[in-house]
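Novice: Structure provided below as structure tokens; questions to follow.
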Amino acid sequence: MKLVETVADLKCALSSLGQGTKVGLVPTMGALHGGHASLVKRSVDENDVTVVSVFVNPTQFNDKNDLKNYPRTLDADCKLLEKFGADIVFAPSVEEIYPEPDTRVFDFTPLDKVMEGVHRPGHFNGVAQVVSRLFDIVSPDRAYFGEKDFQQLAIIRELVRKCNYSIDIRPCPIVREADGLALSSRNTLLTDEGRRHAPAIHAALADSVAYAASHTVAETARFVADRIAEDGYLRLEYYEIVDGRTLQPIADWAETDYAVGCIAAYCGEIRLIDNIKYKG
Ligand code: PAF
């Protein structure tokens with residue numbers, strides 16, 4: 001496995017690949033866990049060469065403290081990536097990705113006007129900036145993203161469509177701890193008390209699926225909000241039941257054949273997201 005830190009070195013490594021070599025890209029911000037392992041392993045299975053980028057992208061953080069506190073563990077990440085079978089780790093500096101400030105403004109209306117788009121202004125613009133930069137640098141055949149970031153996945157698909165990238169976007173299912181907590185790099189920031197309460201997020205979502213079978217969309221959303229409130233430690237930021245394609249809130253189950261509930265909740269100081277499929 002090669003560790004490269006510059007665009008020039010990465011391009012050099014990629015240019016030595018024979019014609020027709022299939023390249024898979026797994027974009028990450030490091031602090032790797034089992035969720036990333038599943039993306040990397042899938043890419044290794046499906047491609048000849050797997051590039052994993054490790055880059056904490058400043059343009060997608062709307063909160064300076066969140067950026068400062070984001071875990072950075074490159075040495076441990078490289079050890080894991082070697083084990084997972086990655087071929088190239090691309091760990092650039094900010095200057096390497098953004099030699100000049102990126103002033104591009106993307107519009108993903110209506111996908112970016114709801115949920116994370118409302119609560120993290122500018123977040124998806126930053127994600128689109130870095131992901132398009134990575135797509136341009138690596139030119140992968142396939143790129144792998146986790147379904148935990150459900151809205152991000154929809155936006156990246158739209159980015160690919162709008163910018164005419166011929167890249168196959170491969171969504172990968174959420175990986176969970178035994179107690180249901182969705183794996184996330186942010187979990188390492190949870191206090192012991194936070195770690196005890198965090199699984200209540202998935203428990204509320206999972207229990208709401210059976211509840212939804214005999215209740216309306218609004219009742220189901222209230223069920224989840226009440227369960228989060230009952231926990232006493234978690235603080236709900238939003239819970240939206242949306243059409244999984246347009247991400248617009250639905251009022252009636254009959255409105256769509258693909259209904260997904262998306263949640264953001266604070267567990268102490270740490271903001272966690274998760275989602276659950278009701279239909280589709
Ligand atoms: O999902 C993430 O970790 C990041 O948003 C991504 C896609 C690597 C872009 O920085």
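The values are calculated or read from the model by the stated rules, or taken from the named source; none is laboratory data. Only a predicted model underlies this, so the values are computations on that prediction, with no experimental measurement involved. Note: ideal-geometry Cβ built from the backbone for every residue, glycine included; neighbour counts use all protein chains shown.
Novice: Spot the failing condition for ARG170; the list is (1) assigned to a helix (DSSP H, G or I); (2) in contact (Cβ under 8 Å) with a residue 12 or more places away in the chain; (3) not β-branched (Val, Ile, Thr), and only one is missed.
Specialist: The single condition ARG170 does not satisfy is (1).
Novice: Further question: Regarding segment 164-176, can at least one residue be identified that is of a type in the set (Asp, Glu) and buried (at least 20 other Cβ atoms within 10 Å of the Cβ)?
Specialist: no
Novice: Do you know which residues across segment 142-158 are in a helix (DSSP H, G or I), within 11 Å of the ligand (Cβ to nearest atom), among the aliphatic types (A, V, I, L, M) and surrounded by 20 or more Cβ atoms within 10 Å (Cβ to Cβ)?
Specialist: Of everything in segment 142-158, those that are in a helix (DSSP H, G or I), within 11 Å of the ligand (Cβ to nearest atom), among the aliphatic types (A, V, I, L, M) and surrounded by 20 or more Cβ atoms within 10 Å (Cβ to Cβ) turn out to be ILE155, ILE156.
Novice: Would you confirm, using the coordinates I've provided, whether LEU80 is outside any loop (DSSP other than H, G, I, E, B) and in contact (Cβ under 8 Å) with a residue 24 or more places away in the chain?
Specialist: The answer is yes for LEU80.
Novice: Okay, next question. So which residues in segment 38-64 are within 14 Å of the ligand (Cβ to nearest atom), assigned to a helix (DSSP H, G or I), touching a helix residue (DSSP H, G or I) at 6+ places or on another chain (Cβ under 7 Å) and more than 16 Å from ILE156 (Cβ to Cβ), if there are any at all?
Specialist: Scanning segment 38-64 gives VAL40, PRO58.
Novice: In segment 135-148, how many are out of contact with any strand residue (DSSP E or B) (no Cβ under 6 Å at 6 or more places or on another chain) and more than 20 Å from ALA86 (Cβ to Cβ)?
Specialist: Number of matching residues: 1.
Novice: I'd like to know if segment 101-116 contains one or more residues that are outside any loop (DSSP other than H, G, I, E, B), of a type outside the set (Ser, Thr, Tyr) and either free of Cβ contacts under 8 Å to residues at least 60 places away in the same chain or touching a Lys or Arg at 6+ places or on another chain (Cβ under 9 Å) (or both).
Specialist: So in segment 101-116, the residues outside any loop (DSSP other than H, G, I, E, B) come out as 116.
This time we only want the ones that are of a type outside the set (Ser, Thr, Tyr), so: 116.
Remaining after also requiring either free of Cβ contacts under 8 Å to residues at least 60 places away in the same chain or touching a Lys or Arg at 6+ places or on another chain (Cβ under 9 Å) (or both): none.
Taking every residue of segment 101-116 in turn, none turns out to be outside any loop (DSSP other than H, G, I, E, B), of a type outside the set (Ser, Thr, Tyr) and either free of Cβ contacts under 8 Å to residues at least 60 places away in the same chain or touching a Lys or Arg at 6+ places or on another chain (Cβ under 9 Å) (or both).
Novice: If you don't mind, there's one more thing I want to ask. Conditions first: (1) more than 16 Å from the ligand (Cβ to nearest atom); (2) small (Gly, Ala, Ser); (3) modelled with pLDDT of 95 or more. ALA91 passes all but one, so which condition is the exception?
Specialist: (1)
Novice: List pairs: first in segment 131-149 and among the β-branched types (Val, Ile, Thr), second in a helix (DSSP H, G or I) and more than 13 Å from the ligand (Cβ to nearest atom), Cβ under 6 Å, 6+ apart or cross-chain?
Specialist: From residues that are among the β-branched types (Val, Ile, Thr), the pairs are ILE137/VAL7.
Novice: Does LEU67 satisfy the criteria of being within 14 Å of the ligand (Cβ to nearest atom) and surrounded by 17 or more Cβ atoms within 10 Å (Cβ to Cβ)?
Specialist: For LEU67, the condition - within 14 Å of the ligand (Cβ to nearest atom) and surrounded by 17 or more Cβ atoms within 10 Å (Cβ to Cβ) - is not met.
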